[in-house]
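Below: one structure, written as structure tokens.
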Amino acid sequence: MTAAPRNPIIVIPARLASTRLPGKPLADIAGSPMIVHVWRRACAAALGSVVVACGDREIAAVIEAAGGRAVMTDPDLPQGSDRVRVAVGLVDPGRAYDAVVNVQGDMPMIDPAAIRLALAALADPEVDIATLAAPIGDPAMLADPSVNKVVAGFADPRRPARALYFSKAVVPWGEGPHYEHVGLYAYRRAALERFAALPRGVLEVRERLEQLRALEAGMRISVSLIAPEQLGVQVDTPADLERARRLMQQST
């Protein structure tokens with residue numbers, strides 16, 4: 001039986017090349033670069049070491065100036081999970097860390113409690129990967145293909161459920177709640193390595209969602225619910241950035 005993780009590390013992947021919002025890790029929000037806000041919230045989760053996996057020296061510079069630790073990775077790595085895996089190998093070749101929490105670098109308002117909640121789901125020995133979701137209340141948001149949805153049957157919203165599918169489409173059909181997938185992951189170390197070694201899945205390519213690779217390979221993903229305000233804004237577009245700036249200004 002797989003034991004609950006005892007020594008996790010948080011890794012925040014970040015690079016300047018973004019198709020929809022170039023340079024977004026360095027975008028100013030309330031006087032600090034966005035990546036610094038994310039790093040501070042990851043540190044506040046108090047789970048252990050926090051490292052920013054950088055594809056660009058400019059990102060490393062602002063993290064180090066803030067007092068954090070950065071590790072350089074190849075800017076041409078295809079996905080954030082690849083950057084996370086490489087970074088963990090660089091900082092921990094002796095494999096002391098038994099779990100890896102991947103906090104996306106575009107979540108400047110993520111609640112530290114939500115980060116802890118994702119890791120807590122790995123206490124279930126059957127779970128390979130844990131992630132988060134938030135209820136969707138806005139019909140426009142539900143119809144927006146840029147909002148990724150997760151299908152999971154929450155018999156009790158206070159407890160994790162098994163992820164059955166991820167999609168950009170409105171799923172499942174019929175009356176009932178829908179959930180936005182929050183792209184924050186907690187991996188067992190061995191699960192991250194297995195996932196990274198898998199070939200791209202048929203559905204992964206079709207939906208352009210890498211977590212489907214794990215489901216296609218039979219890996220178990222657990223989903224825990226958070227309130228929308230615990231996510232705040234995940235910054236993908238200029239409009240998201242302006243909203244994050246406005247909300248952050250209101251909260252200070």
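The values are calculated or read from the model by the stated rules, or taken from the named source; none is laboratory data. Bear in mind the structure is a predicted one, so any value in this text is a computation, not a measurement. In this analysis, Cβ positions are derived from the backbone assuming ideal geometry, glycine residues included, and neighbour counts consider all displayed protein chains.
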Which pairs turn up if I take residues in segment 64-81 that are within 14 Å of residue 18 (Cβ to Cβ) and look for partners that are assigned to a strand (DSSP E or B) with beta carbon separation below 7 Å, at least 6 apart in sequence or on another chain? 80/13; 80/102
Filter segment 70-128 down to residues that are among the basic types (Lys, Arg) and under 15 Å from residue 195 (Cβ atoms), then give me how many there are. 2
Per the filter on segment 36-84, residues modelled with pLDDT of 95 or more, outside any strand (DSSP E or B) and of a type in the set (D, E, K, R) are 40, 41, 57, 58, 64
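Among the residues of segment 139-154 satisfying the criterion of being touching a residue at least 12 places away in the same chain (Cβ under 8 Å) and either hydroxyl-bearing (Ser, Thr, Tyr) or in a loop (DSSP other than H, G, I, E, B) (or both), which is farthest from residue 209 (Cα to Cα)? Show your work before the answer.
Residues of segment 139-154 that are touching a residue at least 12 places away in the same chain (Cβ under 8 Å), as a first pass: 141-143, 145-152, 154.
Subset that is either hydroxyl-bearing (Ser, Thr, Tyr) or in a loop (DSSP other than H, G, I, E, B) (or both): 145-148, 154.
Values: 145: 12, 146: 11, 147: 11, 148: 9, 154: 22 Å.
For segment 139-154, the residue satisfying everything is 154.
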Filtered residue count, segment 17-31, keeping only those that are modelled with pLDDT of 90 or more and either in a helix (DSSP H, G or I) or crowded, with 17+ Cβ neighbours inside 10 Å (or both): 5
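Specify the residue that is modelled with the lowest pLDDT; the eligible residues are those in segment 205-252 that are assigned to a helix (DSSP H, G or I) and within 30 Å of residue 2 (Cα to Cα). Please lay out each step first, then the result.
Within segment 205-252, the subset assigned to a helix (DSSP H, G or I) is 205-207, 211-216, 228-231, 238-251.
Pick out the ones that are also within 30 Å of residue 2 (Cα to Cα) and you get 211-216, 230-231.
Values: 211: 97, 212: 98, 213: 97, 214: 98, 215: 98, 216: 97, 230: 95, 231: 92.
Only one residue fits best here, namely 231.
Those residues that are more than 22 Å from residue 238 (Cβ to Cβ) and loosely packed, with under 15 Cβ neighbours inside 10 Å, I need them from segment 143-161; list them, please. Steps first, please.
Step one: of segment 143-161, the residues more than 22 Å from residue 238 (Cβ to Cβ) are 149-161.
Result: 153, 155, 156, 157, 158, 159.
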Tell me which residues, restricted to segment 203-218, are within 17 Å of residue 150 (Cβ to Cβ), surrounded by fewer than 19 Cβ atoms within 10 Å (Cβ to Cβ) and either under 18 Å from the mean Cα position of the chain (by Cα) or among the β-branched types (Val, Ile, Thr) (or both). 207, 208
Hey, can you tell me all the residues within segment 203-230 that are in contact (Cβ under 8 Å) with a residue 24 or more places away in the chain and in contact with a helix residue (DSSP H, G or I) (Cβ under 7 Å, 6 or more places away or on another chain)? 210, 212, 214, 219, 221, 222, 224, 226, 230
The residue from 157, 172 that alone is in a loop (DSSP other than H, G, I, E, B), at pLDDT below 95 and not basic (Lys, Arg) is 157
Select from segment 73-92 the residues that are within 19 Å of the chain's Cα centre (by Cα) and of a type in the set (A, V, I, L, M) and write down the one among them that is surrounded by the most Cβ atoms within 10 Å (Cβ to Cβ). 84
